[in-house]
Structure formats: C-alpha cells, structure tokens
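Comments concern the structure below.
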Amino acid sequence: MNAALAKWAAHGLCAQTDPDEFFPDKGGSVATAKRLCLGCEVRQDCLDYALATGEQHGIWGGTTVRERQRLTAQPLGGAA
Ligand code: SF4
C-alpha cells in the first residue's frame, strides 16, 4: 500500500466489510458498496485518490469506473 492510500484507507468502511462488494464480477451489483460509501468518513479522500490514479476497477468514493470517467471528462471552469 502506498503512503497516500495508507493515510485514509484504514478508516474506510470497506476495511470493515467484505471487499468483494467493492470489486464485483462483471454485471454484479454495486448497490451495497455504493450505499456503504455514502456513510464513509473518508469518501472524498477515496474519490480523489481514484481520480488521481485513474483506478479502472471497483467502487471508490461511491463511484463506478464509468462515473469516474464522466467526472474526469468534464471541462474545468464550466461552460460560458
Ligand atoms: S468511500 Fe467507499 S470505497 Fe472508499 S474507503 Fe469509503 S467505503 Fe471504501
């Protein structure tokens, strides 16, 4: 585990639950993982980490890979 991840990951709710919920098989439900993320105290740290590292698998900060791709595809500063 790298230092950036180590700072907050141990405080995540997923550290106390089944990690498979956060890395479901293709087509598997992500509802349980996303629900847990909603109440996680390090959710923003987790999402920031996933966006910064381009995580391509699993639920991070309550988001799926596709949701993270949409977040990073949006232009900065908004439309005029
Ligand atoms: S936001 Fe979700 S995936 Fe991230 S640490 Fe918390 S429970 Fe785990």
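The values are calculated or read from the model by the stated rules, or taken from the named source; none is laboratory data. Just so we're clear, the structure is a prediction, and the values are computed from it rather than from any experiment. When we count neighbours, we look across all protein chains shown, and the Cβ atoms used for this are built from the backbone with ideal geometry, even at glycine. The accessibility values were calculated without ligands, DNA or RNA, using every heavy atom of the protein model including side chains. Shrake-Rupley method; radii C 1.70, N 1.55, O 1.52, S 1.80 Å.
Under the condition of being in contact (Cβ under 8 Å) with a residue 24 or more places away in the chain and open to solvent by less than 60 Å² (accessible area, probe 1.4 Å), which residue from region 28-38 is nearest to residue 9 (Cα to Cα)? This residue is 37. Using the structure shown, decide if residue 9 is open to solvent by 60 Å² or more (accessible area, probe 1.4 Å), within 9 Å of the ligand (Cβ to nearest atom) and small (Gly, Ala, Ser). So residue 9 fails the test. For region 16-46, the tally of residues that are near the ligand (Cβ under 7 Å from one of its atoms) and either among the aliphatic types (A, V, I, L, M) or part of a loop (DSSP other than H, G, I, E, B) (or both) stands at 4. Is at least one residue of region 48-71 open to solvent by 80 Å² or more (accessible area, probe 1.4 Å), free of Cβ contacts under 8 Å to residues at least 40 places away in the same chain, within 11 Å of the ligand (Cβ to nearest atom) and not basic (Lys, Arg)? Checked region 48-71: no residue is open to solvent by 80 Å² or more (accessible area, probe 1.4 Å), free of Cβ contacts under 8 Å to residues at least 40 places away in the same chain, within 11 Å of the ligand (Cβ to nearest atom) and not basic (Lys, Arg). The test for being surrounded by 10 or more Cβ atoms within 10 Å (Cβ to Cβ) and in contact with a Phe, Trp or Tyr (Cβ under 7 Å, 6 or more places away or on another chain) holds for residue 45.
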